[in-house]
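The values are calculated or read from the model by the stated rules, or taken from the named source; none is laboratory data. Fair warning: this is a prediction, and the values are worked out from it, not measured in the lab. So basically every Cβ, Gly included, is an ideal-geometry build from the backbone, and we count neighbours across all protein chains shown. For accessibility, only protein heavy atoms count, side chains too; no ligands or nucleic acids. Shrake-Rupley method; radii C 1.70, N 1.55, O 1.52, S 1.80 Å.
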Amino acid sequence: QVQLVESGGGLVQAGGSLRLSCATSGRTFSNDAMGWFRQAPGKEREFVATMSWNGNVRIYADSVKGRFTISRDTAKNSMYLQMNSLKPEDTAVYYCAAAAKAVATREDDYSYWGQGTQVTVSS
């Protein structure tokens, strides 16, 4: 059974930092793109960041560029999202996902999803 499990969410003040982790099991994603999406209350889920299978390509949403950093450890089957300079508008449930493609930015490209972790940024 393929599982993606996010952790590291929580409540933080504006300007603070959080590091999200995504642990995978049941399948090796070393050849797949992995990414982070988020969904704020009352809004559609949106793309945050993605990383190609070999780490050579990293793409960020404009809203997080320069503040968030995506990384992965293929040996540990894990992915991370370092979030710095957090803003109240970053408040959302954050999802990790894996795509059976080398690079993927569209939600439809992702086949495997975690359950999400809540990030709340207070002003």
ask   = lysines near residue 65 by alpha-carbon distance under 24 Å, same-chain residues fewer than 8 away left out - which ones?
value = 43, 87, 101
key: Solvent-accessible ranking of 44, 6, 107, 89, largest area first, probe 1.4 Å   = 44, 89, 107, 6
task = May I ask you to give the solvent-accessible area per residue for the chain, in square angstrom, as obtained with a 1.4 angstrom probe?
result = 50
query = In debye, nearest 20: dipole of the chain around its Cα centre with unit charges on the Cβ of K, R (+) and D, E (-)?
reply = 240
query = If you add up the charges near residue 84, with Lys and Arg at +1 and Asp and Glu at -1, over every other residue whose beta carbon is less than 14 angstrom from its beta carbon, what do you get?
reply = +3
query = When all protein chains stay in place, what accessible area (Å², nearest 10, 1.4 Å probe) is found for residue 29?
reply = 10
note = Note, region 35-43: 3J(HN,Hα) by Karplus (6.51, -1.76, 1.60, θ = phi - 60°), whole Hz, Gly/Pro = x, goes x, 10, 10, 8, 9, 8, x, x, 10
remark   = Using the Cα gyration tensor of region 20-123, the equivalent ellipsoid's semi-axes, largest first and to the nearest Å, work out to 22, 14, 13
task = Using label points projected 7 Å from each Cα along Cα→Cβ, tell me how many nm separate residue 13 and residue 74, to one decimal.
result = 4.1
